[in-house]
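S.K.: I have a structure here, written as structure tokens, and I will follow up with some questions on it.
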Amino acid sequence: MKLNIQEIRKQSEGLHFEQTLDLAADLRARNQEILDVKDIFAVGKVQYEDRMYFLDYQLSYTIVLASFSFFNSYWVNIEMLQ
């Protein structure tokens, strides 16, 4: 996801975004314990104020991690608030 700096500065109330992300292949390449990631969704806004950028967002996703203790994979639903 990319946001244009000029567009962010033009919006006095901030630039709102809602985006579904496809990062499964990138995340699996970075960590071999990640078997799958789906339903990655980011929602929030970015705002420019007093020469600073502020990011307020929520990120949610479902991830499948390898379980070495049970030799099974399992799904974990995660929501992050920032």
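Any read-out appearing in this document is the output of simple, stated calculations on the displayed coordinates, not a laboratory observation. Worth saying up front: this structure is predicted, and the values here are computed from it rather than measured. Positions of Cβ are generated from backbone atoms using ideal geometry, with glycine treated the same way; all protein chains shown enter the neighbour counts.
S.K.: Give the calculated FRET efficiency between Q32 and L55 to the nearest 0.05, with a Förster radius of 35 Å applied to their Cβ-Cβ distance.
M.R.: Values: r = 30 Å, r/R0 = 0.84.
The pair Q32/L55 has a calculated efficiency of 0.75.
S.K.: I would also like to ask the following. Please find the FRET efficiency linking T62 to Q11, where r is the Cβ-Cβ separation and R0 is fixed at 25 Å, and quote it to the nearest 0.05. Walk me through the intermediate numbers first.
M.R.: Working: r = 31 Å, r/R0 = 1.25.
Result of the calculation: an efficiency of 0.20.
S.K.: Quick one: putting +1 on the C-beta of Lys and Arg, -1 on the C-beta of Asp and Glu, what dipole do you get for segment 1-73 around its Cα centre, in Debye to the nearest 20? Each step should come with its number before you reach the end.
M.R.: Numbers: 8 positive and 11 negative charges, 37 e Å.
In debye, rounded to 20, segment 1-73 gives about 180.
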